[in-house]
Amino acid sequence: MQRLGELVATAGIVAVPLLIFSVVAIALVIERSIFWYRVNKRQTKVAKEVLRDYRHDQELAKQRLKRQINLPLARIFLAAIDLDDAEPDELALAISGAIQAEIPVIKRFNNIFDTIIALAPLLGLLGTVLGLIQSFGSIDLGNIGGTESAGVTSGISEALTSTALGLVVAVFTLFFANIFRGFYLRQIALFQEYTAELELVHRRYHRRTIQHFESPESLEVSYATPDH
């Protein structure tokens, strides 16, 4: 901790925003890691179980989804199958709208990550410039190698430290941001895969229902009149 304090003190004024960026980045990385761990661990299993149940008992599928409502794909499924007697086109529209609603959830904090990645090296560069300005301002041509050289050394140390600190914050944030971006792209692919399967199951169910009502036996029962 003492070494960290010395490092921040050496980096100069730009160390303050860089330290804030690092704390924010660490907090968001922890939050996103917990989120993606929960999603990746449970969601595929839940989706397969719901699709299996939906083929036989729609109410059972709804109940299972309501128990897993904190999962993005469960909310998408529930928004679709919660429609009563939905036509296949209506189901597709409900799925599309639900996916669009979930995209900001799975992309959460991406803009903050991008901002930190872009600004941290620039702040490090600003610290470099300020440190060099301090170094050149401390140069006394008539006292080269004397006591004034301490100011030059301090300025150069500030310049190098701030650059290194900015790069460390940017690299750390970029590493995890790319991992989360990969999870996001994989999640979009899973949305498309499982919602397409849901639409297929629903279309088959809808077709069987229509065929049942249009069968000769159904028509005969519907139009039968009592004998007088």
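Structure values in brief
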quantity: Failed condition for residue 148, given (1) surrounded by 14 or more Cβ atoms within 10 Å (Cβ to Cβ); (2) closer than 25 Å to residue 187 by Cα; (3) among the charged types (D, E, K, R); (4) modelled with pLDDT under 90; calculated: (2)
quantity: Wholly within region 32-141, helices (runs of 4 or more DSSP H) carrying at least 3 residues that are closer than 30 Å to residue 175 by Cβ; calculated: 72-81, 88-106, 110-138
quantity: Selection within region 20-36 - under 16 Å from the mean Cα position of the chain (by Cα) and surrounded by 11 or more Cβ atoms within 10 Å (Cβ to Cβ); calculated: 24, 25, 26, 27, 28, 29, 30, 31, 32, 33, 35, 36
quantity: Tally of residues being over 24 Å from residue 86 (Cβ atoms) and either polar (S, T, N, Q) or modelled with pLDDT under 90 (or both) across region 170-228; calculated: 14
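Rundown of residues vs (1) under 22 Å from residue 186 (Cα atoms); (2) surrounded by 18 or more Cβ atoms within 10 Å (Cβ to Cβ); (3) touching a strand residue (DSSP E or B) at 6+ places or on another chain (Cβ under 6 Å), yes/no style:
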{"residue": "46", "(1), (2), (3)": "yes, yes, no"}
{"residue": "55", "(1), (2), (3)": "no, no, no"}
{"residue": "58", "(1), (2), (3)": "no, no, no"}
{"residue": "70", "(1), (2), (3)": "yes, no, no"}
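The values are calculated or read from the model by the stated rules, or taken from the named source; none is laboratory data. This one's a predicted model, so the numbers in the text were calculated from it and none came from an experiment. Heads up, the Cβs are rebuilt from the backbone with ideal geometry, glycines too, and the neighbour counts pull from every protein chain shown.
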